[in-house]
1. Can you tell me which residue is surrounded by the fewest Cβ atoms within 10 Å (Cβ to Cβ) among those in region 90-145 that are assigned to a strand (DSSP E or B) and more than 17 Å from the chain's Cα centre (by Cα)?
2. Of the residues that make up region 112-129, is at least one out of contact with any helix residue (DSSP H, G or I) (no Cβ under 9 Å at 6 or more places or on another chain), closer than 16 Å to Arg158 by Cα and either β-branched (Val, Ile, Thr) or not assigned by TED's automatic domain parsing to the domain that holds Gly71 (or both)?
3. Just for region 46-62: of the residues that are over 18 Å from the mean Cα position of the chain (by Cα) and assigned to a loop (DSSP other than H, G, I, E, B), which one is surrounded by the fewest Cβ atoms within 10 Å (Cβ to Cβ)?
Amino acid sequence: MRTLARRFGLPVKLALTGLIALLTLTTVSFTSTATAATPTLGQRAVAVARAQVGKPYRYGAAGPNAFDCSGLTEYAYARVGRRLPHNALAQYLVTRHVSLSQLRPGDLVFMNFSGGSPRGISHVGIYAGRGNWYVARTPGTRITLQHIWTHRGVYASRP
């Protein structure tokens, strides 16, 4: 340190004070950056759902090798510490409802295929952002990321 101080013409005390201040600023900056980058519960659930892409649909299945629609959402949220029932309507009833304009990654998107009220909900997936969701559709298909194709009979909630 004395060599550096002499090289730049600084008194040793001033050089040490500057070094301590620099280390303090670096530590504070690193800490706040790490906190800001912490993924939300929903983002973590999206990551779990993404990892299931390509696995087969099987009615009544809740992973880890096959899923039905509510089994996928139940599984993804269980992996991030939130329990959900294994039924699309039941999941809708136990979560906080949000409007489609408020959708965030990780929200659950529900469908009533007849276009009616939430009482007819029979399908669910995990919103991934940009109008897409991770979904287990029907027998013979695999978990996929797809565009939400309708807004008729569509509802959303946030676990």
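The values are calculated or read from the model by the stated rules, or taken from the named source; none is laboratory data. Computed from a predicted structure; not experimentally measured. Note that we place each Cβ from the backbone using ideal geometry, even for glycine, and neighbour counts take in every protein chain shown.
1. Among those that are assigned to a strand (DSSP E or B) and more than 17 Å from the chain's Cα centre (by Cα), it is Arg142.
2. No, region 112-129 contains no residue that is out of contact with any helix residue (DSSP H, G or I) (no Cβ under 9 Å at 6 or more places or on another chain), closer than 16 Å to Arg158 by Cα and either β-branched (Val, Ile, Thr) or not assigned by TED's automatic domain parsing to the domain that holds Gly71 (or both).
3. Residue satisfying both the conditions and the ranking: Gly54.
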